[in-house]
Amino acid sequence: MIEAFTTPWGSEVEIFTELDSTNRYLKSRARAGAPHGLVVVAETQTAGSGRRGRQWHSPAGLNLYFSLLLRPELGFTEVAPFSLAVAVALKRALDPLGGELMIKWPNDLYGRGGKLAGILAEMEPGPDGPAFVIIGIGLNVNAKRDDFPPELRARATSLALEYGRCFERGELLGEVLEKLAEVEKIYSRQGLRGELGENINSAFYLSGREIVVVAGKERVRGIARGIDDRGRLRMLSRDGRELLFAAGEAWLEKKS
Ligand code: BTN
């Protein structure tokens, strides 16, 4: 079990044995006035949500499923790049374990064996900017290969699979929240310019590789170049133009 503790924002972590989705629950708390910095954790989720309507597989007691409520002074266009900064916070928290963690646009964390963590940032619009932002993080911690559904086994990894040992989830959560608070301060001063952008680009999983970007109904092929300071994916298209994608999903091109 994860034990309760105080977050860097001064609020309690709320821990549940089961929720449908920590994002969904925290959104309803936020609408009722919950404070900046509230963190909600669930041991398992019955309807954990991923990006693009996918489900986040959330087996009990193995991994971390949590959401953070922020009421930041950001404009609407600054929320998507912030979710890349969240990936930097995850990387900063886990880098001391050694190994090579990479960031995949739009905002996943990858280990050698595949996807280690996913981030789902959801924004509630207010009259002059976001009323609040929910940052939901699913981090695979102690899951073994068989704990993943068959269709994910070849593409997902966990800290236990990467490092060959189990981890104390409460301790990890504390580290991640510390780094989130650190990155939030940096982002509010300078966005992705400077150190956060450098962190992303130096650990960019797709860099220099042939990719397919799915953006709306479009599928575009090219070579990934990096991430700009607005969080957009820079791609060299097959006809030699530089394209910028603000949203979508990117995959490595399958070699035939
Ligand atoms: C992705 O598709 O990669 C994003 C996955 C985000 C999953 C996390 S688990 C905790 C939080 N609550 C949810 O319902 N989703 C996020």
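The values are calculated or read from the model by the stated rules, or taken from the named source; none is laboratory data. Since the model is a prediction, treat every value here as computed from it, not as a measurement. A quick note on method: Cβ atoms are made from the backbone with ideal geometry, for glycine too, and the neighbour counts reach across all protein chains shown. Surface areas here come from the heavy atoms of the whole protein model, side chains and all, with no ligands, DNA or RNA. Shrake-Rupley method; radii C 1.70, N 1.55, O 1.52, S 1.80 Å.
With respect to the conditions (1) more than 17 Å from the chain's Cα centre (by Cα); (2) at pLDDT 95 or above, residue 180 falls short on a single one, namely (1). When 252, 206, 244, 236 are checked against the criterion of being under 21 Å from residue 90 (Cα atoms) and of a type outside the set (Gly, Ala, Ser), 206 stands alone in meeting it.
Within the range 42-53, is even one residue β-branched (Val, Ile, Thr) and either within 17 Å of residue 69 (Cβ to Cβ) or not assigned by TED's automatic domain parsing to the domain that holds residue 132 (or both)?
No, because not a single residue in the range 42-53 is β-branched (Val, Ile, Thr) and either within 17 Å of residue 69 (Cβ to Cβ) or not assigned by TED's automatic domain parsing to the domain that holds residue 132 (or both).
Of the candidates 124, 151, 162, the single residue that is open to solvent by 30 Å² or more (accessible area, probe 1.4 Å), farther than 18 Å from residue 62 by Cα and outside any strand (DSSP E or B) is 151. Going by what's in this entry, would residue 109 be described as within 11 Å of the ligand (Cβ to nearest atom), within 16 Å of residue 199 (Cβ to Cβ) and not in a helix (DSSP H, G or I)? In short, yes. Of the numbered criteria (1) within 16 Å of the ligand (Cβ to nearest atom); (2) closer than 18 Å to residue 122 by Cβ; (3) crowded, with 16+ Cβ neighbours inside 10 Å, the one residue 59 fails is (2).
When residues in the range 144-157 are screened for being within 14 Å of the ligand (Cβ to nearest atom) and more than 17 Å from residue 54 (Cβ to Cβ), 1 of them pass.
Residues of the range 165-202 that are farther than 24 Å from residue 72 by Cβ and either outside any helix (DSSP H, G or I) or among the aromatic types (Phe, Trp, Tyr) (or both): 165, 166, 167, 168.
Over 18 Å from residue 177 (Cβ atoms), more than 16 Å from the ligand (Cβ to nearest atom), at pLDDT below 95 and in contact with a Lys or Arg (Cβ under 9 Å, 6 or more places away or on another chain), is that true of residue 99? Yes: the conditions hold for residue 99. Any residue that is open to solvent by less than 40 Å² (accessible area, probe 1.4 Å) and modelled with pLDDT under 95 - is there at least one of those in the range 86-96? Looking through the range 86-96, none of the residues is open to solvent by less than 40 Å² (accessible area, probe 1.4 Å) and modelled with pLDDT under 95. Summed over the range 165-200, the residues that are of a type outside the set (Phe, Trp, Tyr) and open to solvent by less than 60 Å² (accessible area, probe 1.4 Å) give a count of 21.
Within the range 23-34, is there a residue that is assigned to a strand (DSSP E or B) and modelled with pLDDT of 95 or more? Within the range 23-34 (the criterion being assigned to a strand (DSSP E or B) and modelled with pLDDT of 95 or more), the answer is no, since none of the residues qualifies. Scan the range 62-79 for residues that are within 9 Å of the ligand (Cβ to nearest atom) and surrounded by fewer than 12 Cβ atoms within 10 Å (Cβ to Cβ) and the total you get is 0.
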